[in-house]
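Data first, discussion second: the structure below is written as structure tokens.
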Ligand code: DP6
């Protein structure tokens, strides 16, 4: 039997990916940019094993069997990795051998906390190790599992370039800056609700492309200049600029969700209260020290500098106490990850 275990972190987008131009190859309509979080707090861990005795591919996610052979995205990732291995004539075991895969997330699955990003990044990285092709370009493969997964293959600040080709070969993620570049940038995850979201990201963005007018405007006119400006802010350690762009992009993404017909509502009352809290906090301290972003769910990710973590945590606990109607269930300060997919 051959066996490999990998860990992959979650990434949280500052400039959101929302909308595909090709559903099957997962080609986006805009670039996106994210920060990869430390694997200590939020990660996926995947073990992939190949053996001559296995009768079929089987996968367990968080202890429950999930379809693998019937999952076109997972099968596509596997086929792509196998093709790389065949091309390199580097087979450690016969290509026909079936796999058993066990994966676990240490955070809520499908609650808008980027679980598919960490999950598919981890699956692809574990498979690449199993088939001995881990040195190859893997982001275009992870992208075909879940778009945002391609960004979890690097630490630090990562940009997924939408690419122009029809075959997706240029739709890859590349590092913008390593985590060492801005070590005191931290993230606070505020879990408002860890229930599964009503409309998946895949479905929500598909509906948005079909029905929203705003999505075209964002992809064409807003994201290109926003991405250039945030790359510049990262290079210059300009937190206030990074914060403003991040909040504007999150707001615009949720405006598109509402502009979708029928609308997709991902944020709830507590999410909106968090938005208000962040703006009030920044106003009270007289500078932009805190930024929010929300993915396709009600939970918030706050960006801030390490030196402000304790004062912000105290303010959050004061504004959203556990026993109140508007409470947050879990708050955690997380540094940025330096490396990804460490093998253990
Ligand atoms: C709101 O990567 O989960 O988190 O490619 O269909 O699997 P699929 O979608 P997915 O979408 C993530 C959307 C987002 C924004 C982002 O991470 O950029």
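Sort through 315, 291, 233 and tell me the only one that's crowded, with 16+ Cβ neighbours inside 10 Å and modelled with pLDDT under 95. Please lay out each step first, then the result.
Details: 291 fails: modelled with pLDDT under 95; 233 fails: modelled with pLDDT under 95.
The unique qualifying residue is 315.
Would you check if there is a residue in the stretch 182-189 being in contact with a strand residue (DSSP E or B) (Cβ under 7 Å, 6 or more places away or on another chain) and within 13 Å of the ligand (Cβ to nearest atom)?
So far as the stretch 182-189 goes, no, none of its residues is in contact with a strand residue (DSSP E or B) (Cβ under 7 Å, 6 or more places away or on another chain) and within 13 Å of the ligand (Cβ to nearest atom).
Can you pull out the residues in the stretch 162-181 that are free of Cβ contacts under 8 Å to residues at least 12 places away in the same chain and either in contact with a helix residue (DSSP H, G or I) (Cβ under 7 Å, 6 or more places away or on another chain) or surrounded by 12 or more Cβ atoms within 10 Å (Cβ to Cβ) (or both)? Working first, answer last.
Looking only at the stretch 162-181, we keep the residues that are free of Cβ contacts under 8 Å to residues at least 12 places away in the same chain, and these are 164-165, 170.
Correct list: 170 only.
Could you please give the count of residues in the stretch 13-27 that are near the ligand (Cβ under 6 Å from one of its atoms) and in a strand (DSSP E or B)?
Result for the stretch 13-27: 1.
Are there any pairs, at least 6 apart or on different chains, whose C-beta atoms fall under 6 Å, with the first in the stretch 149-160 and within 12 Å of residue 122 (Cα to Cα) and the second in a loop (DSSP other than H, G, I, E, B) and more than 9 Å from the ligand (Cβ to nearest atom), and if so, which?
So the pair list comes out as 153/138; 153/340.
Quick one: is residue 185 closer than 20 Å to residue 226 by Cα and free of Cβ contacts under 8 Å to residues at least 40 places away in the same chain?
Details: closer than 20 Å to residue 226 by Cα: yes; free of Cβ contacts under 8 Å to residues at least 40 places away in the same chain: no.
Answer is no for this residue.
Run down 48, 74, 85 and say which single residue is touching a residue at least 24 places away in the same chain (Cβ under 8 Å) and touching a helix residue (DSSP H, G or I) at 6+ places or on another chain (Cβ under 6 Å).
Details: 74 fails: touching a helix residue (DSSP H, G or I) at 6+ places or on another chain (Cβ under 6 Å); 85 fails: touching a helix residue (DSSP H, G or I) at 6+ places or on another chain (Cβ under 6 Å).
Step by step, each of 48, 74, 85 is checked, and only 48 is touching a residue at least 24 places away in the same chain (Cβ under 8 Å) and touching a helix residue (DSSP H, G or I) at 6+ places or on another chain (Cβ under 6 Å).
Hey, could you check the stretch 267-294 for residues that are in a loop (DSSP other than H, G, I, E, B) and in contact with a strand residue (DSSP E or B) (Cβ under 7 Å, 6 or more places away or on another chain) and say which is farthest from residue 241 (Cα to Cα)?
Of all residues in the stretch 267-294, those in a loop (DSSP other than H, G, I, E, B) come to 267-268, 286-289.
Remaining after also requiring in contact with a strand residue (DSSP E or B) (Cβ under 7 Å, 6 or more places away or on another chain): 267, 289.
Working: 267: 24, 289: 10 Å.
Per the stated criteria, the residue is 267.
Quick grid of which residues meet (1) more than 16 Å from the ligand (Cβ to nearest atom); (2) under 23 Å from residue 254 (Cβ atoms); (3) surrounded by fewer than 17 Cβ atoms within 10 Å (Cβ to Cβ); (4) over 21 Å from the mean Cα position of the chain (by Cα):
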site: 11; (1), (2), (3), (4): no, yes, no, no
site: 29; (1), (2), (3), (4): no, yes, no, no
site: 39; (1), (2), (3), (4): yes, no, no, no
site: 47; (1), (2), (3), (4): yes, no, no, no
site: 50; (1), (2), (3), (4): yes, no, no, yes
site: 61; (1), (2), (3), (4): no, no, no, no
site: 72; (1), (2), (3), (4): no, no, yes, no
site: 83; (1), (2), (3), (4): yes, no, yes, yes
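Of these, 184, 213, 194, which one is surrounded by fewer than 20 Cβ atoms within 10 Å (Cβ to Cβ) and modelled with pLDDT of 95 or more?
213
Might you check whether a residue that is under 12 Å from the mean Cα position of the chain (by Cα) and buried (at least 24 other Cβ atoms within 10 Å of the Cβ) occurs anywhere in the stretch 128-144? Steps first, answer last, please.
Residues of the stretch 128-144 that are under 12 Å from the mean Cα position of the chain (by Cα), as a first pass: 142-143.
Still in the running and buried (at least 24 other Cβ atoms within 10 Å of the Cβ): 142-143.
Yes, some residue in the stretch 128-144 is under 12 Å from the mean Cα position of the chain (by Cα) and buried (at least 24 other Cβ atoms within 10 Å of the Cβ).
The values are calculated or read from the model by the stated rules, or taken from the named source; none is laboratory data. Quick caveat: nothing in here was measured; it's all calculated off a predicted structure. As a convention, Cβ positions derive from the backbone with ideal geometry for all residues, glycine included, and neighbour counts pool all protein chains shown.
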